[in-house]
Amino acid sequence: MNKLAVLLLAGGLGLGASPVILADEVKVPVGAQKQSNVEIPKRGISKSQVRKKFGEPSSVSGPVGQPPITTWRYNSMTVYFEYNHVVHAVVHAK
C-alpha cells in the first residue's frame, strides 16, 4: 500500500512540473488491416503480371533510392516494387 502511495505522489509531482498532453493511441494489428475485399498483388510477382491483372496504375512514382523502389498508385491500393517485383501492397483507407 505504501508503494502505491509513493508512486501516486511521485506521479502527481511530475505532472505539476511539466505540461500534460493526453491523447488516444489507436493501434491496429497488421493482420487486422487486411480485412478488405480489395484484392492486392502477391509479393514477388512482376510489374507485367500486376499490369495484366490490375490494369494501368493511375500514377507511377520513382524509382527512388537504392535498391530502386517504384510506387504504382491505383484507386483502391498502392503497390511498391523493388526493381521489377512487388515487395508490398497497401489498401487505401475508406
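The values are calculated or read from the model by the stated rules, or taken from the named source; none is laboratory data. Since the structure is predicted, the reported quantities are computational estimates derived from the model, not experimental observations. Cβ coordinates were reconstructed from backbone atoms using ideal geometry, including for glycine residues, and neighbour counts include every protein chain displayed. What goes into the accessible areas is simple: the full protein's heavy atoms, side chains included, and nothing from ligands, DNA or RNA. Shrake-Rupley method; radii C 1.70, N 1.55, O 1.52, S 1.80 Å.
Quick notes
- Filtered residue count, region 40-94, keeping only those that are outside any strand (DSSP E or B), of a type in the set (D, E, K, R) and touching a residue at least 12 places away in the same chain (Cβ under 8 Å): 4
- Considering residues of region 43-64 that are of a type in the set (Gly, Ala, Ser) and open to solvent by 60 Å² or more (accessible area, probe 1.4 Å) only, the residue farthest from the chain's Cα centre (by Cα): SER48
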